[in-house]
C-alpha cells in the first residue's frame, strides 16, 4: 500500500509495485501517488532514462527527474495557446520550440498546478503517437 494509504502502484516489467518503491518522496511522490491512481495512467520508467514518468494509455505525459521538479508534455499546439501565460506566471519554465514545460514542486499550490498540467498533458497528447524527448534527454545526449 502506498505511504498515504492510497494503494497506488506502478507497472514495471509487468510487475505492480507500490509507488514508494521508486524512492519518490516529498511532493513528487505525492503527485505520483495521486495521478498514478487515475484510470488509464501508470507510473513507468522515463523514456529519457532519468527517473519516473506517468504514462496515459502508453504515452508519457509527465517526468519526475528528482529534486521535486516535474516536466509535462503539453504539445506545441497547447504551448502556442498557453505558453506565454504559463511563462508569465513565473512558476512554469517553457523552452522555446519544445513540447515540454517544467515546474518546481515546492508547495501545495505547485502540486495543485501540477495536477492541472497533468490533466492538460493527458488531453493534449491523446492523439499524438510520436514521442517527443523531454528537456532532460537533451541534457544527457
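The values are calculated or read from the model by the stated rules, or taken from the named source; none is laboratory data. As the structure is a computational prediction, the values presented were derived from the model and not from experiment. Positions of Cβ are generated from backbone atoms using ideal geometry, with glycine treated the same way; all protein chains shown enter the neighbour counts.
Rundown of residues vs (1) touching a helix residue (DSSP H, G or I) at 6+ places or on another chain (Cβ under 7 Å); (2) more than 13 Å from residue 60 (Cα to Cα); (3) modelled with pLDDT under 95; (4) part of a loop (DSSP other than H, G, I, E, B), yes/no style:
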{"site": "102", "(1), (2), (3), (4)": "yes, yes, no, no"}
{"site": "121", "(1), (2), (3), (4)": "no, no, no, no"}
{"site": "126", "(1), (2), (3), (4)": "no, no, yes, yes"}
{"site": "130", "(1), (2), (3), (4)": "no, no, yes, yes"}
{"site": "139", "(1), (2), (3), (4)": "no, yes, yes, no"}
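Please verify whether residue 115 is modelled with pLDDT of 95 or more and assigned to a helix (DSSP H, G or I), treating the condition exactly as stated.
Taking the combined requirement at face value, the residue satisfies it.
Hey, any hits in the stretch 53-63 for a residue that's over 18 Å from residue 29 (Cβ atoms), under 16 Å from the mean Cα position of the chain (by Cα), surrounded by 19 or more Cβ atoms within 10 Å (Cβ to Cβ) and at pLDDT 95 or above?
Within the stretch 53-63, not a single residue is over 18 Å from residue 29 (Cβ atoms), under 16 Å from the mean Cα position of the chain (by Cα), surrounded by 19 or more Cβ atoms within 10 Å (Cβ to Cβ) and at pLDDT 95 or above.
Please determine, by comparing only the residues of the stretch 94-107 that are closer than 15 Å to residue 65 by Cα and in contact with a strand residue (DSSP E or B) (Cβ under 8 Å, 6 or more places away or on another chain), which one is surrounded by the fewest Cβ atoms within 10 Å (Cβ to Cβ).
That would be 104.
Name the residue that is farthest from residue 104 (Cα to Cα), counting only residues in the stretch 53-70 that are part of a strand (DSSP E or B) and in contact with a helix residue (DSSP H, G or I) (Cβ under 6 Å, 6 or more places away or on another chain).
56
Select from the stretch 33-52 the residues that are closer than 18 Å to residue 110 by Cα and at pLDDT 90 or above and write down the one among them that is farthest from the chain's Cα centre (by Cα).
Among those residues, the one meeting the criterion is 34.
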